[in-house]
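First the structure, in the form of structure tokens, and then the observations on it.
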């Protein structure tokens, strides 16, 4: 079977030793002639789209087309595209994450962050995650069995340029998967924050952060949580924009006036030069 793309860039947030990265490499080999890996050297779960701005990045080139980076998944994609690869990739794949990236977790996921960074660079991107149950072996074969086929289908059909695709595989063996559900991340799975306070050997406090989960409150096949619960592969588009304008409207002219801005005067005068915005 011919391969639909020339070059693919892989990253993840579990680090280059993460077992899901080998699964992703197997998936990528089915659809691309060249597979490039640029992944974090350590676990970067929960970093979302963050980049490193307060320390330099170290790159370890350990095999042909294989690199690890002392940074985040977004760092890896940026370095891979702008520095390490000879040409821009045709696709970015991020994962396969150990654990589902669904509901509220989408906002924190480094796996999703890596994919969205690819989207910002104008590259089609897909995040892949394998759900699991605590104390039970992870069903990596499910992602391996269906991942390549799904990616190939998505490449053939296409998706909006401002979106990354988010694929979550259920915690089931391949033969028990019931189908594919087009759905969306639905908020409500985070019920609170867990903070565990400890002290180091000098008595200085430090903290571990985590979430209290309540996924039972998210229902319906239209949600990614509900789709996984029903044994379906959850396929959902994600993007940076949250469509705030469509659900929250105010009269901005009135707002500007109330804080002392003369809208008439401001719009009649053009700035003399382009405004520079530093991030």
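The values are calculated or read from the model by the stated rules, or taken from the named source; none is laboratory data. Small disclaimer: the values here were computed from a predicted structure and weren't measured. Here Cβ is always computed from backbone atoms with ideal geometry, including for glycine, and neighbour counts include all displayed protein chains.
Odds and ends about this structure:
- Restricting attention to the stretch 153-206, the residues being in a loop (DSSP other than H, G, I, E, B) and either over 19 Å from the mean Cα position of the chain (by Cα) or closer than 23 Å to residue 229 by Cβ (or both) number 17.
- Residue match in the stretch 97-110 (condition: assigned to a loop (DSSP other than H, G, I, E, B), at pLDDT below 95 and over 14 Å from residue 12 (Cα atoms)): yes
- Residue that is surrounded by the most Cβ atoms within 10 Å (Cβ to Cβ), among those in the stretch 1-18 that are modelled with pLDDT of 95 or more and within 16 Å of residue 91 (Cβ to Cβ): 11
- Exclusive hit being in contact with a helix residue (DSSP H, G or I) (Cβ under 9 Å, 6 or more places away or on another chain) and either surrounded by fewer than 23 Cβ atoms within 10 Å (Cβ to Cβ) or within 20 Å of residue 148 (Cα to Cα) (or both), set 79, 91, 42, 21: 91
- Identity of the residue in the stretch 45-86, under 19 Å from residue 25 (Cα atoms) and in contact (Cβ under 8 Å) with a residue 60 or more places away in the chain, that ends up farthest from the chain's Cα centre (by Cα): 85
- Count of residues meeting criterion [within 15 Å of residue 232 (Cβ to Cβ) and not in a helix (DSSP H, G or I)] in the stretch 136-152: 1
- Some residue of the stretch 107-128 being more than 22 Å from residue 44 (Cβ to Cβ), touching a helix residue (DSSP H, G or I) at 6+ places or on another chain (Cβ under 6 Å) and crowded, with 17+ Cβ neighbours inside 10 Å: no
- So residue 61, is it in contact with a strand residue (DSSP E or B) (Cβ under 7 Å, 6 or more places away or on another chain) and surrounded by fewer than 16 Cβ atoms within 10 Å (Cβ to Cβ): yes
- Cβ-Cβ distances below 6 Å connect the following pairs, each with a first residue in the stretch 211-231 that is part of a loop (DSSP other than H, G, I, E, B), a second residue that is loosely packed, with under 13 Cβ neighbours inside 10 Å and modelled with pLDDT of 70 or more, and a separation of six or more residues or different chains: 231/178.
- Within the stretch 1-33, being in a strand (DSSP E or B) and either under 17 Å from residue 118 (Cα atoms) or touching a residue at least 40 places away in the same chain (Cβ under 8 Å) (or both) holds for 5, 6, 7, 8, 9, 10, 11, 32.
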